[in-house]
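Notes for the one structure printed next.
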Amino acid sequence: MTTENKAIVERALTGLLETGDVGALAPFLSDDFVHHRPGGITSTRQEWLALVRDALVPLAGMRVEILRLLADGDHVVMHSRRRLPGGPEITVVDIWRLDAGLISEAWEIIEPDAQAAANLTWWDPAYQ
């Protein structure tokens, strides 16, 4: 199951990145898919696909370097570095939960690399 889930996530993301079309991603998402972002922001399947579709033009030419793709049971974790041509570099951790061969839930954490050093001391009162 772990290997199969990892392959499903790889196919979904490869299809999206190669075609630039959310239509390549949609068949891999369950009807009740939920996407989570920090701050309690959640999106339904349709809302998230619309957000991805709207981001495809500004993100055209983005380089995605997958650093790690790990799977454990029904979860797949991807650690990647992404960069727009001439733009900032970000580090992203995506966590995908699969159910019955479809991606049913996702969490995404994005950190601009330029802010990484400051985030190492988030607990320091001087930082707040």
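Just so it is clear, none of the values below were taken in a lab; they were calculated from the coordinates. None of the values given here were measured: they were computed from a predicted structure. A quick note on method: Cβ atoms are made from the backbone with ideal geometry, for glycine too, and the neighbour counts reach across all protein chains shown.
Observations, loosely collected:
- Between helix 45-56 and the chain: long-axis angle, C-alpha atoms, 0 to 90°, nearest 10: 60 degrees
- Helix 2-19 axis, angle to the chain major axis (alpha carbon atoms, nearest 10°): 80 degrees
- Within the stretch 90-128, the chymotrypsin sites (Phe, Trp or Tyr not before Pro) that combine a DSSP coil assignment with at most 16 other C-beta atoms in a 10 angstrom radius are Trp122, Trp123, Tyr127.
- Relative contact order (percent, whole number), the chain, Cα cutoff 8 Å, 6+ residue spacing: 24 percent
- Dipole magnitude for the stretch 2-115: computed about the Cα centre from +1 point charges on Lys and Arg Cβ and -1 point charges on Asp and Glu Cβ, it is near 300 debye.
- Extent along principal axes [Cα atoms of the stretch 53-128; Å; largest to smallest]: 47, 32, 23
- Rounded to 5, percent antiparallel among DSSP beta bridges of the chain: 90 percent
- Relative contact order %, the stretch 20-93, counting alpha carbon pairs below 8 Å whose residues are six or more apart: 20 percent
- FRET E, pair Asp31, Glu89, Förster distance 25 Å, beta-carbon r, rounded to 0.05: 0.10
- Per-residue [θ]222 nm for the chain (sum of -39500 (n - 2.57) over DSSP H runs n ≥ 4, rounded to 500): -8000 deg cm²/dmol
- Tail beyond 25 Å, pair distance distribution of the chain (Cα, percent): 27 percent
- Percent of Cα pairs in the stretch 1-66 per distance bin of 10 Å, from zero to the largest separation: 19, 48, 32, 1.
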